[in-house]
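Quick note: the coordinates plus some simple rules give every number you see, no bench work behind them. No experiment lies behind these values; they were computed from the predicted model shown. Note that each Cβ is placed from the backbone with ideal geometry, even for glycine, and that neighbours are counted across all protein chains shown.
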Amino acid sequence: MTNNDELSAMPAAINRELARAAFAAYVEPYDATDPRIALKVDHTLRVAELCARIAEASGFTPAGIDLAWLCGLLHDIGRFEQVRRWGTFNDRRSAPHAALGVDVLFEGASHLTDPAFTANPAASECVLAEDDYFRAHARAHGFIRAFCDDPALDDLIRAAVAHHSEHHLPEGLDLRTRAFCDLVRDADKIDILHLLAIDTVENVMGISADELLSSIISPSAAEAFFSHRTMSWAEQHTPADGLVNRACFAYELVYPASLEIADEAGDLYLAFERPYGIAEAFHDPATRFTLNRMDGHLRAWVDERLSA
């Protein structure tokens, strides 16, 4: 699914150097000492490069590769306001970060006054007091024109940002838009798996290692895993379920190159062995047994796909 015929007509409108500088300018006022901010900066830059790598391996034109890179650069731009305002990556405890990203890029940062985004209280009055500054900053440095000069690409970029974290893509997307949305979602999944190797459970999941190791796998999580699908939020009842869902990402990678890249990185099985560097075993024997069974199942599934 490369859509080369449509991509070949796309103008080379992306200047990566300028877009990278614009991203640095946007994130500059956010607290770089907060490990969650640092995590998202690094994650964003890696996802952008993964998008370009998948696009190139999948036969996209040079202009298409640049656009894929830009979609990756912008996919999580809403996370920075989410952390500043609510102190969490949990959309249910704050606001949907993809919608925040669309708002910053295309809607003039209305989230700071829109009740649809402010239903959940901010972390503190001190944070609220900074809203005027961050509203002005977002309008000056977060607007899409800071990253891309071509308005003809806006609808595609908006869709890639808006849909990157949804459980499934909506029906009705045109073929080219779906291709880019799938690509960004693949790259995001690959790097989220990589976080199991390089970050902490406290930063990523907002819990302690003991909370993770004390949790069990719900029947709904086991059913989803062995059915080869990811879970909705409603199906994830425990921290262990969330870990299993990360392993399920392998099943829903769309581009063949994505599975090859994830396998090459060595991160596909980290949910089952030393997640977030945790060497201790899960406390519950049944959970340990199920994780071992899942590990073997996924390895066999990946080997079969890569050898096909």
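For mean projected area of the Cα convex hull in nm², which listed value, (i) 16.8; (ii) 15.7; (iii) 18.5, comes from the coordinates shown?
(ii)
So what is the orientation-averaged projected area of the stretch 207-307, using the convex hull of its C-alpha atoms, in nm²?
Value for the stretch 207-307: 6.2 nm².
Please find the FRET efficiency linking Ala222 to Leu173, where r is the Cβ-Cβ separation and R0 is fixed at 25 Å, and quote it to the nearest 0.05.
E(calc), rounded to 0.05, equals 0.20.
With an 8 Å cut-off on Cα pairs and a minimum separation of 6 or more residues, tell me the relative contact order of the stretch 207-307 in percent.
Reported as a whole number, the value is 30 percent.
Counting only C-alpha contacts under 8 Å and six or more residues apart, can you give the relative contact order of the stretch 91-197 as a whole percent?
In percent, rounded to a whole number, it is 26.
Taking other Cβ within 10 Å of each residue's Cβ, how do Asp42, Asp186 sort, fewest first?
Ranking Asp42, Asp186 by Cβ neighbours within 10 Å, fewest first, gives Asp42, Asp186.
Distance between the C-alpha centers of the stretch 15-69 and the stretch 216-233? Whole Å please.
Between the Cα centres of the stretch 15-69 and the stretch 216-233 lies a distance of 31 Å.
Stretched out fully, how many nm does the piece from Arg145 to Asp295 gain, at 0.36 nm a residue minus the Cα gap?
Here the answer is 49.5 nm.
Highest mean first, how do 296-303, 175-182 rank when packing is the count of other Cβ atoms within 10 Å averaged over residues?
175-182, 296-303
So for the chain, averaging the separation of alpha carbon pairs under 8 Å that are six or more residues apart and normalising by length, what relative contact order in percent results?
Reported as a whole number, the value is 17 percent.
Less than 13 Å Cβ to Cβ from Ala22, Lys/Arg counted +1 and Asp/Glu -1: what total charge do the surrounding residues give?
Taking every Cβ under 13 Å from that of Ala22, the sum is 0.
Could you tally the net charge around Val47, taking each other residue with its Cβ under 9 Å from the Cβ of Val47, Lys/Arg +1 and Asp/Glu -1?
Residues close to Val47 contribute a combined charge of -3.
Determine ³J(HN,Hα), in whole Hz, for all residues of the stretch 241-248 in sequence, where each value follows from phi through the Karplus function 6.51 cos²θ - 1.76 cosθ + 1.60 and θ = phi - 60°; x replaces Gly and Pro.
So the J values, rounded to whole Hz, are 4, x, 5, 4, 4, 5, 5, 5.
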